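**Student:** Could you have a look at this structure, given as structure tokens, before my questions?
Derivation of every value follows stated rules applied to the coordinates shown; laboratory data play no part. If you're wondering where the values come from, they're calculated on a predicted model, not measured in any experiment. Glycine gets a Cβ as well: all are built from the backbone with ideal geometry, and neighbour counts include every protein chain shown.
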Amino acid sequence: MLAELGLAALWLAAGLAALQLLLSVPTVRGSVDGARTIRAVAVLQGILTLTAFAALLVVFARTDLSVALVFENSHSAKPFIYKVAGAWGNHEGSMLLWVTVLAVAGAVFAVLARRTGERTLIAALGAQAALGLGFYAFLLIASNPFARLNPAPLEGRGLNPLLQDPGLAFHPPTLYLGYVGLSIAFSLAVGALVTTEVDSRLARAMRPWVLGAWILLTLGITAGSYWAYYELGWGGYWFWDPVENASLMPWLAATALLHSINVLAARAALKAWTMMLAVLAFSMSMVGTFLVRSGVLTSVHAFAIDPERGTFLLALLAIYVGAAFVLFAVRAPRLREGAPFELVSRESGLVINNLLLTVILGIVFVGTLYPLFVEAITGEKLSVGAPYFNAVAGPLALLLAALVGVGPLLSWRRERRPVLRRLTIPALLGLTALVITIILVPHLAILPRLGFTVAAFLAAAAPLPLTVRNPLRAPLATWGMVVSHFGIAVALTGMAANGAFTSERLAVARPGQQLSVGPWLIAFDGVTPTAGKNFTALEAELRASRGEGAIILRPQTHYFSDPPMETSEAAIRTFWNGQLYTVVGREDPSGGWQLRLWWKPFVTLIWAGGALIAIGGALALLGRALGGWRRLRAHREPGWRERYI
Amino acid sequence: MSRAVRFAPLIVLAALLVGLVWRLATPVDTNVHSRLEGQPVPAFSLAPIVPGKPGLASADLASGRPRLVNVFASWCVPCVTEVGVLKQLQASGVTVDGIAVRDEPQALASFLARNGDPYERIGSDPQSSVQIDLGSSGVPESFIVDGRGIIRYQHIGPVEPSDVPMILAKLDAAK
Amino acid sequence: MRLALFLAAVALAAPVLADSNLPPAYWSNRQLPDARQEARAEALMQEIRCLVCQGQSIADSDAELAGDMRDLVRRRVAAGQSPAEVRNWLIQRYGSWISYRPTSDPAAWPLWLAPLVLLAAGAVLIRRRISTRRSA
């Protein structure tokens, strides 16, 4: 019953989306006064999709095996949290999540948007409804999450132990909120291009949405990287895998958009470029979801390899992105840009920031799709991986990170003061770091060496905007910027340290043997069998010490029977200056056991930096929200309740 | 903004769509093909693994007539049915040699006893070294080597009954 | 990156039946005694694509063939071959696909040109936005 309710809600929501779109057209033209209806319809659409998603969650929570999706992806013996998380751990469920976020974002936008002009708002809601329609169609026609099985089987198939991890519970919803949150920016851009009302008001309306989506994307990508790191058992955290790149591209576009919006808000400039970025960001989200689900690129991460569904998604992509690009091409001449910027000014700094970010985005895009195009044209197969991306995007990213230290110090319009003087200390610190690495690690590769240099510079330069006036009276948004930029330096330090100082020990050791990795002495005390809820395991006991005191680490190999599978659980211990990462492998006929041990100094800074970047964004969002709320309370427009609700 | 700039995104999108449509229409060939087709067999010498059956060396493959080299293993599931097809080929006069990848003598002996034995020689490749040397990436695979020791054709996956005429034709062409 | 881990995990959890019964080759999971050689071998292994996996290097893979390839790389580096020689040897057999580092093949030139083209295009686009005239 619940599944049918969910499906019905979905159909209704689709109908409402159609209504919302149809009504928006004459309303924008001015022939109909449908604003209030459209808003109400958007809210209703959000409620209905939320109902459908809730229905799916309940059906999974109850392990209702008469629903095909539950049968495929769940099992009565699964712990409760993973039963529920299983709802979005599959193609149909995650598509339903996508559509829910799309509709709910539209609903929240319809209720809360105050700063946008009315016509633009309605046009944006129409665009949002158009986006929804395609994805509703995809769900209802090609990926029905509520399909039934008759007769209902006795037990589910989905006890894959690898999906029973907190990472699964957290990572997809965060990323989806991010990807689909960018749809509001897309719709606003489309709406503004339709009405040609591209101005600073639009930028201020778009900013919280882009900021919110960007924060979630940052968190999602950081969490995903850490999940890969501890789950895959080889100590890597980023592989430039096509699906990873598919998540990075919307993030790069959103970061550029975030900065470009500031220029649009402050100077009513970069109009066309900001609109293009807003369209590009969500387009990248759509490209990403297409790549992951269509089987077009080989990836460890691709799931639901289904060319038929892929074709549907490709059609949606072509229609939405194509229409947006056509609209842009047609309307761009109507956007009036102002005078050029001074070379040394905040605006120019942001333009260069955007340039570098977009070039990096272009590089990731080209590198990811290049093998496909070469194969299409010449039939030859080649691979593009980390060596390419690190070599090409790495230096650009370092250049960008260095400029991040300079840009925020520049004034709007024209910087007259000597900014470089304020940067002497950071520059000296950077140079010191460089010299230290040359002395301590003479054979270091150039990229990690420059990474340390730039990180030291940026760490010192990032807080400088706060030192102009009393830091405690600086706006929260400025604190947010400082924290995020500092976070970049932190993450960069972690990446450089990981590349430079990681010690690795691979060995086949007998119980009683001692191995050294970095400053640690690790005694291998043997392997004992053990068992868990639905697996048997072999657990190695390692006693690690460096100086006084010993720590025990117990890496395990888990053996599952249903389906027969073997997984490796690394034992990781975090210290203030690094992580000890240990993995036990198979037994050797000689009586030894494969051991993989790493000492990774300061590796946690990578994800700490990512978290800081997101926190900075949250501070900025909070700051602007508080500012907006204060302004609202001070100047409450008479009759706003009547107008908006 | 010039027209070129305004329409550039559309052009990039169009190119992207063309590529993606091509990819969706042409199924991905996940097999990695050896690049040694047309090249001489690399020099190798593999010890015997089954009593009574000689091992395999590259010298044996330049014997003056074409041979079928089958890269297989007893733990390889599709090899079980492939052996039947190989026996059929052997019956048609084809000389079949085997390279047993990562195999043990007893396991291989019982595999041959259970499923049949079309091989004239079987070489033991316990660390996949000759498999890698040939540019093979999995089991089962078969190589047609001509009388002068040049690799003429690589067949990825088990030889199916429907492949038999094609294999015979290629062996004929390799004479 | 979502279910990034879904199949990453599935790929990495070896289904126990499809393997041979022989142990891994000697140098698959042991480091070379010479640290510099091991570093060179390790760096190369990170760039060689695993033949039977869906997109991993042989350094990060649990597959048997990947282990045998690691053994091969280490043996050859220990015997004095340079990483470039080993890479070329593998490319001769499997084609450029097996190298994650794009080769100097003409097919890979656009990859290296792309960043320059993008930077140049970007510079052209922004030249009107930023005025280098010094105003009074």
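**Student:** Using a simple spin-label model with points 7 Å from Cα along the Cα→Cβ vector, what separation in nm is obtained for A:R148 and A:A625?
**Tutor:** About 4.2 nm, to one decimal.
**Student:** With the Cα gyration tensor of segment A:275-399 giving a ≥ b ≥ c as the square roots of its eigenvalues, does the rule (a/c under 1.5 for rounded; else a/b larger than b/c for prolate; else oblate) give rounded, prolate or oblate?
**Tutor:** In terms of gyration-tensor shape, oblate.
**Student:** Then there is this: Over all Cα pairs of segment B:93-175, how is the pair count split among 10 Å bins, expressed in % and running from 0 up to the last occupied bin?
**Tutor:** Going from the shortest bin to the longest, the percentages are 15, 48, 33, 4.
**Student:** If you bin every alpha carbon distance in segment A:474-526 into 10 Å steps from zero, what whole percent lands in each bin?
**Tutor:** Here the calculated profile for segment A:474-526 is 20, 26, 19, 17, 12, 6, 0.
**Student:** In debye to the nearest 20, how big a dipole does the protein assembly as shown give about its Cα centre with +1 on each Lys and Arg Cβ and -1 on each Asp and Glu Cβ?
**Tutor:** Using Cβ point charges on Lys, Arg, Asp and Glu, the protein assembly as shown gives about 5240 debye.
**Student:** Treating only the Cα positions of segment A:503-601 as identical point scatterers, give the base-10 log of I(q)/I(0) from the Debye formula at each q in 0.10, 0.15 Å⁻¹.
**Tutor:** Relative scattering, expressed as log10 I(q)/I(0), comes to -0.26, -0.58.
**Student:** Using the Kirkwood radius built from alpha carbon pairs, what does the Stokes-Einstein equation give as D for segment B:36-78 at 10 °C and 1.306 mPa s, in µm² per second?
**Tutor:** 129
**Student:** Would you grab the residues whose amide H sits under 5 Å from the one on B:R121? Only those 5+ places off in sequence or on another chain, please, with H modelled 1.01 Å from N.
**Tutor:** Distant-sequence amide H within range of B:R121: B:G98.
**Student:** Right, something else. What three numbers, in Å, describe the spread of the alpha carbons of segment B:1-57 along their principal axes, ordered from the longest?
**Tutor:** Sorted from largest, the Cα extents of segment B:1-57 read 80, 22, 16 Å.
**Student:** Then there's this: With only alpha-carbon atoms in the gyration tensor, what are the semi-axes of the equivalent ellipsoid for segment A:390-469, in Å, largest first?
**Tutor:** Its equivalent ellipsoid spans semi-axes of 26, 15, 8 Å.
**Student:** Let a ≥ b ≥ c be the square roots of the eigenvalues of the Cα gyration tensor of chain A; is it rounded (a/c under 1.5), or, if not, prolate (a/b larger than b/c) or oblate?
**Tutor:** In terms of gyration-tensor shape, oblate.
**Student:** For A:K533, which aspartates and glutamates qualify as cross-link partners when the Cα separation must be under 16 Å and same-chain residues fewer than eight apart are set aside?
**Tutor:** Partners found: A:D165, A:D562, A:E566, A:E569.
**Student:** Where does segment B:1-109 land on Rg(C-alpha)/(2.2 N^0.38 Å)?
**Tutor:** Dividing the Cα radius of gyration by 2.2 N^0.38 Å gives 1.85.
**Student:** In nanometres, what is the gap between the two model label sites at B:A4 and A:A550, each 7 Å from Cα along Cα-to-Cβ?
**Tutor:** Between B:A4 and A:A550, the simple spin-label model gives 7.2 nm.
**Student:** Taking segment A:1-128 as the region of interest, what is the percent of Cα-Cα pairs per 10 angstrom bin, listed from the shortest bin to the one with the maximum distance?
**Tutor:** Distribution as computed: 14, 38, 24, 16, 7, 1 percent.
**Student:** Over the alpha carbons of segment A:209-320, what is the largest minus smallest coordinate on each principal axis, giving the biggest first in Å?
**Tutor:** Answer, in whole Å and largest first: 48, 35, 18 Å.
**Student:** Add +1 for every Lys or Arg and -1 for every Asp or Glu among the other residues with Cβ under 14 Å from the Cβ of A:L542, and state the total. All intermediate terms of the calculation are to be shown ahead of the outcome.
**Tutor:** Working: positive: A:R505, A:R510, A:R543, A:R546, A:R554, A:R573, A:R596; negative: A:D525, A:E539, A:E541, A:E569.
Within the 14 Å Cβ shell, the charges total +3.
**Student:** For segment A:1-164, give the magnitude of the charge dipole about the Cα centre (Cβ charges: +1 Lys/Arg, -1 Asp/Glu; no others), in debye to the nearest 20. List each step's numbers first, then the result.
**Tutor:** Numbers: 11 positive and 7 negative charges, 88 e Å.
I would put it at about 420 debye.
**Student:** Let me ask you something else. Determine the equivalent ellipsoid of segment A:141-253 by diagonalising the alpha-carbon gyration tensor, then write out the semi-axes as square roots of 5 times the eigenvalues, largest first, rounded to whole Å.
**Tutor:** Semi-axes (√(5λ), whole Å): 34, 23, 11.
**Student:** Over the residues of segment A:319-388, compute the C-alpha Rg and express it relative to 2.2 N^0.38 Å.
**Tutor:** 1.63
**Student:** Pairs of Cα atoms under 8 Å, at least six residues apart: use those to get the relative contact order of segment A:171-408, whole percent.
**Tutor:** 22
**Student:** Per residue of segment A:76-90, what does 6.51 cos²θ - 1.76 cosθ + 1.60 with θ = phi - 60° give for ³J(HN,Hα)? Whole Hz please, x for Gly and Pro, Karplus curve as stated.
**Tutor:** With the stated coefficients, segment A:76-90 comes to 5, 8, 6, x, 4, 4, 7, 4, 5, 4, x, 4, 9, x, 7 Hz.
**Student:** Once whole DSSP H runs in chain B are found, which of them have Cα atoms spread over 18 Å or more along the helix axis and a mean Kyte-Doolittle score of at least 1.6?
**Tutor:** Numbers: long enough: B:3-25 (33 Å, 1.72); B:77-91 (23 Å, 0.77).
Helices meeting the span and hydropathy rule in chain B are B:3-25.
**Student:** Another question about this same structure. Note down the net charge around A:L382, summing +1 for each Lys or Arg and -1 for each Asp or Glu among other residues with Cβ under 9 Å from its Cβ. Provide the component values of the computation, followed by the final result.
**Tutor:** Details: positive: A:K381; negative: A:E375, A:E380, C:D105.
Result for the local shell: -2.
**Student:** Calculate one ³J(HN,Hα) per residue across segment B:52-62 by plugging θ = phi - 60° into the Karplus curve 6.51 cos²θ - 1.76 cosθ + 1.60, and present them in order as whole Hz with x for glycine and proline.
**Tutor:** Those phi angles translate into x, 10, x, x, 10, 10, 4, 4, 5, 8, 9 Hz.
**Student:** Which cross-chain or sequence-distant (5 or more) residues have an amide H under 5 Å from the amide H of A:W238, H modelled 1.01 Å from N in plane?
**Tutor:** Here the answer is none, since no amide H 5 or more places off falls under 5 Å of that of A:W238.
**Student:** On to the next question. For A:A500, what charge total do you get from the other residues with a beta carbon under 15 Å from its beta carbon, if Lys and Arg give +1 and Asp and Glu give -1?
**Tutor:** Once all neighbours under 15 Å are counted, the net charge is 0.
**Student:** Moving to a separate point now. What ranking do A:W209, A:W240 get, fewest neighbouring Cβ atoms within 10 angstrom at the top?
**Tutor:** Ascending number of Cβ neighbours within 10 Å: A:W240, A:W209.
**Student:** Shifting gears a bit: Can you tell me the FRET efficiency between A:A323 and A:L428 if r is taken as the Cβ-Cβ distance and R0 is 30 Å, rounded to the nearest 0.05? Please list the in-between numbers first.
**Tutor:** Values: r = 53 Å, r/R0 = 1.75.
Efficiency for this residue pair is about 0.05.
**Student:** Have a look at A:G134, A:T116, A:L44 and report the one farthest towards the positive end of the charge dipole of segment A:1-164, computed about the Cα centre with Cβ charges (Lys/Arg +1, Asp/Glu -1).
**Tutor:** Comparing the listed Cα positions along the dipole, A:T116 ranks first.
**Student:** Taking the convex hull of the alpha carbon atoms in segment C:15-136, what volume per residue do you get, in Å³?
**Tutor:** Per residue, the Cα convex hull of segment C:15-136 comes to 188 Å³.
**Student:** Can I ask one more? From the P(r) of segment B:29-173, could you give the percentage of C-alpha pairs in the tail past 18 Å? Can you show the working numbers first?
**Tutor:** On the way: 5220 of 10440 pairs.
Cα-Cα pairs in segment B:29-173 separated by more than 18 Å: 50 percent.
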